[in-house]
1. For the chain, what does -39500 (n - 2.57) per DSSP helix run (n ≥ 4), summed and divided by total residues, give at 222 nm, in deg cm²/dmol to the nearest 500?
2. Of Leu178, Leu105, Leu127, which has the largest mean-square fluctuation in a 10 Å C-alpha GNM of the chain?
3. Take Asp136, project a point 7 Å from its Cα along the Cβ direction, then tell me which residues of the stretch 154-173 have their backbone nitrogen under 19 Å from it.
4. List the lysines whose alpha-carbon lies under 30 Å from that of Lys199, not counting same-chain residues fewer than 8 positions away?
5. Efficiency by 1/(1 + (r/R0)^6): what FRET value for Ala146 and Arg189, r their Cβ-Cβ distance, R0 = 41 Å, to the nearest 0.05?
6. Hey, what does the equivalent ellipsoid look like for the stretch 89-215, semi-axes from the Cα gyration tensor as sqrt of 5 times each eigenvalue, largest first, whole Å?
7. Provide the descending list of Cα extents for the stretch 156-215 along its principal axes, expressed in whole angstroms.
8. In nanometres, what is the gap between the two model label sites at Leu105 and Arg51, each 7 Å from Cα along Cα-to-Cβ?
Amino acid sequence: MGQPGAGVDAEGGTAPSADRLPPGQRMQRGEWPVLHYGPVPRFKPATWDFRVTGATAEEQGGIWFHDQFAALPTIDVVADFHCVTKFTMLDAPWRGVAARTVLDLAPPAPEATHVTVWAEYGYSANLRLEDLLRDDVVFATHHDGAPLTPEHGFPLRLILPHLYAWKGPKWVRGIEYLTADRRGFWEERGYHNIGDPWKEQRYSYQEDPGDGPPL
């Protein structure tokens, strides 16, 4: 699948301005690379669900089965995509359920400060609760007008344009509200706890005091 804006500098067109790319990143040309750990899970619509657990308001979580989640209101977002492997896609079009919608339907408790995003095979990524409250954060079902492919996270992946892409897992199955930060899969294995591409927060050795819990 060709990418919006991909390859414009390869054909003699105008290269992206430097302020569009975070430090250390390069413009992605051609196809969207497939990068993930482990096998691609098999989607089973009859058993798929999305759950909200943990420190929820009034101890009320939420669960949506596939048809129910697919019926939630959707938004279209045009946003950049920054991979920690140093490629960036500019102006990528996404469609899905706004993270704010999920938080409104199954709100966190007042004392919740962080979130674990859970995905297939027990994969996880941790976020500050505020990361999910941005208007351009979306649980994406589509990219570039077409449903996500299985390799790119079908049926659901989290898109957080302000963070490196590993913070938004593929094959998402739910979120857990937390009252204290807890590192996720890659954050326990040497990646930065926050992952801001504009600060080039790639690895845990770059963390400042207060950026995350002890390893």
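The values are calculated or read from the model by the stated rules, or taken from the named source; none is laboratory data. Not measured: the values here are computed from a predicted model. Cβ atoms come from the backbone with ideal geometry, glycine included; neighbour counts cover every protein chain shown. Just so you know, the surface numbers come from the protein's heavy atoms only, side chains and all, with ligands and any DNA or RNA stripped out. Shrake-Rupley method; radii C 1.70, N 1.55, O 1.52, S 1.80 Å.
1. On the way: 3 runs with 16 residues, N = 215.
The per-residue figure over the chain is -1500 deg cm²/dmol.
2. Highest fluctuation of the listed residues: Leu105.
3. 157-169
4. Lys86, Lys167, Lys170
5. Details: r = 32 Å, r/R0 = 0.78.
For R0 = 41 Å, the calculated efficiency reads 0.80.
6. On the way: eigenvalues 103, 61, 37 Å².
Ellipsoid half-lengths, sorted descending, are 23, 17, 14 Å.
7. Extents along the principal axes, in whole Å: 32, 26, 18.
8. It is 1.7 nm.
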